[in-house]
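Visitor: Handing you a structure now.
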Amino acid sequence: MQSALTPFAAILLFSLLLSANFVSAKRAAAKPVPPVIYKGITYSAPNNSGLINYVLASDSTGKELFRIKIFDMTIDPKLEEDVQWVFITGLSISGGSLLVEDEKGRCYVVNLDTKAVKRKY
């Protein structure tokens, strides 16, 4: 007994195999980072791009006050772009400074008076 695929079944199988390769190449979306509030200002990490990571400061009405670039990424054109993205994973306040952690475990300290950013470790 010979089993043969119908043209429709063959196209469907091919499409599924092809789409599985595309899906596996894409990275999952960044998880939302809970904002922190300090002296009436809300600090959040929108994570809308893995290339330029910034913290957004807004007032109690949600109006943007300023943005602070924490880090940006240099992309190697020989590699797939989305697997090189790095996102902010955590925000906290310590001693009047904003601590920002990325998914590689790096920590950045933002002086909220001067808006200067230093990589801690």
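Please treat every number below as a calculation from the coordinates, not as lab data. Only a predicted model underlies this, so the values are computations on that prediction, with no experimental measurement involved. All Cβ positions, even for glycine, are placed from backbone atoms using ideal geometry, and neighbour counts span all protein chains on display.
Visitor: So if we plug the beta-carbon distance of residue 114 and residue 31 into 1/(1 + (r/R0)^6) with R0 = 25 Å, what FRET efficiency do we get, rounded to 0.05?
Guide: 0.25
Visitor: Something else now. DSSP loop GluC sites (Glu not before Pro) in region 40-111 with at most 16 other Cβ atoms within 10 Å of their Cβ, which ones?
Guide: 80, 81, 103
Visitor: I've got another one for you. Hey, what's the Cα Rg ratio for region 31-119 versus the globular rule of thumb, 2.2 N^0.38 Å?
Guide: For region 31-119, the normalised Cα radius of gyration comes out at 1.10.
Visitor: Which links in 69/115; 39/118; 26/78 stretch past 18 Å when you go from one Cα to the other?
Guide: 39/118
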